[in-house]
Amino acid sequence: PEKFFRRAYVWEFPVRITHWVNGISIVVLFLTGLYIGSPILAPAGEPVNHFVMGRIRQVHFAAALIFAISFLFRIYWFWAGNNYARSGFPYIWRASWWGEVIGEVIEYLKLKRGRAYLGHNALGGASYTFFVVLLGWFQIFTGLALYSETKPGGFLDYLFGWVIPLLGGSYKTHMYHHLVAWAFPIFVLVHIYVVIYDSTMLGNGLISSIISGHKFYQQEDIQNDK
C-alpha cells in the first residue's frame, strides 16, 4: 500500500565515514583551538617540566590534517558516489531552487511535516555548502598558512604562505581563523536539531541512516527527490 514505508540504500560507506571523521575532527579542532587561543588551564609546577600547550597544538595539528584529508576525499566522492552523494547542490542561479529553500524554511517554522527527500534537500545542501564546504576551505587555507610559519620558506609556506599577507598579516589571520571557527558549533547545534526533528516528523530513519546507510520513504516522498 502507498502509505507503507519502503527502504532505500542512500548513504554509501565513504559518505558515512567522512561524515563521522569530519564531525569528530571539527569537535577536536574547536576545543583545542579554544585552549590555544585562551590557555586558561595550567599545570602546577615549573613550566619547564610540562608540555601542555605543545601537546594541545600537536592534537590540533593532527586533527587538522585528518580533517583536510577527509574533506578532500568527500569532495572526490561528490563526483564518484551515487546521486545522493551530490544531493542538495545549491543551484543558486535557479528560481526553483530558491523556491524550495524558502518553502522548506516555512515548513520548519510552522513545525509541520514537509516533503521528504532521500538525499539532502535544498536547505540542507545550502547549509552544508556554506558552513562546511566554504568555511571548511577557509579554515584549511588559513590553518595551513599559520602552520607554515613554523618553517619559513618550506613547502607549506610555498603553497599557503600567500594567505597571511592577503589577510593583513599573521595576527589578523589568527583572528579570522578563530572567528570563523565559531560558525561550526552553531552549525552543529542546528544540524543536530534538524536531524532529530526530521527523523521524528518524517519517520524516515534519518539518524540511523548515517550508520547503516539506509533510509525509509513513502511512495509520494521519493518523487520529490532529484
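The values are calculated or read from the model by the stated rules, or taken from the named source; none is laboratory data. Bear in mind the structure is a predicted one, so any value in this text is a computation, not a measurement. Positions of Cβ are backbone-derived with ideal geometry, glycine not excepted, and every protein chain shown enters the neighbour counts. Each accessible area value is taken on the protein alone, full model and side chains, heavy atoms only, with ligands, DNA and RNA left out. Shrake-Rupley method; radii C 1.70, N 1.55, O 1.52, S 1.80 Å.
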Quiz prompt | Crossing angle, helix 183-202 versus the chain [Cα axis fit, 0-90 degrees, rounded to tens] | solution = 20 degrees
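In square angstrom, what is the accessible area per residue of the chain with a 1.4 angstrom probe?
61 Å²
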Exercise. Would you mind computing, in nm to one decimal, how far apart the modelled labels at Leu159 and His50 are, each placed 7 Å from Cα along Cα→Cβ?
Key: 3.4 nm
Self-check item: Whole-percent carbon and sulfur share, accessible surface of the chain, 1.4 Å
Solution: 71 percent
Practice problem: Round to the nearest 10 and give me the degree value, 0 to 90, for the angle of helix 13-37's Cα axis relative to the longest principal axis of the chain. | Solution: 40 degrees
Practice problem: Straight distance only, please: which aspartates and glutamates reach the Cα of Lys3 with their own Cα at less than 12 Å, same-chain residues fewer than 8 apart left out? | Solution: Glu220, Asp221
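Run the helix sum for the chain: -39,500 (n - 2.57) per DSSP H stretch of 4+ residues, divided by residue count, reported at 222 nm to the nearest 500 deg cm²/dmol. Present the calculation step by step, with values, prior to reporting the outcome.
Details: 11 runs with 142 residues, N = 226.
Estimated from H runs of four or more residues: -20000 deg cm²/dmol.
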Quiz item: In degrees from 0 to 90, rounded to the nearest 10, what is the angle of the helix 135-147 Cα long axis to the longest principal axis of the chain?
Solution: 10 degrees
Exercise. Over the range 35-159, calculate the relative contact order: mean separation of alpha carbon pairs under 8 Å at least 6 apart, over the residue count, as a percent.
Key: 19 percent
Exercise. For the range 85-226, calculate the relative contact order in percent as a whole number, restricting contacts to Cα pairs under 8 Å that are 6 or more residues apart.
Key: 26 percent
Practice problem: Quick one: which residues, 5 or more positions from Leu167 or on another chain, have an amide H under 5 Å from its amide H? H modelled 1.01 Å from N in the peptide plane, none for Pro or chain starts. | Solution: none
Self-check item: Whole-percent pair-distance distribution, where bins are 5 Å wide, for the alpha carbons of the chain
Solution: 1, 6, 11, 16, 16, 14, 11, 9, 7, 5, 3, 1, 1, 0, 0
Quiz item: Just for the Cα atoms in the range 96-140, what are the lengths along the principal axes, largest first, rounded to whole Å?
Solution: 38, 20, 19
Quiz item: For Leu135 and Ala42, what does the FRET efficiency come to when R0 = 35 Å and r is the distance between their Cβ atoms, rounded to the nearest 0.05?
Solution: 0.65
Quiz item: With a sphere of radius 9 Å drawn around the Cβ of Ser209, what net charge do the other residues whose Cβ falls strictly inside it have (Lys, Arg +1; Asp, Glu -1)?
Solution: +2
Quiz item: So how much slack lies between Glu12 and Thr150, counting 0.36 nm per residue of separation and subtracting their Cα-Cα distance, in nm?
Solution: 45.8 nm
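Over the alpha-carbon set of the range 1-50, divide Rg by the Kirkwood Rh and report the Rg/Rh ratio to two decimals.
Here Rg/Rh amounts to 1.43.
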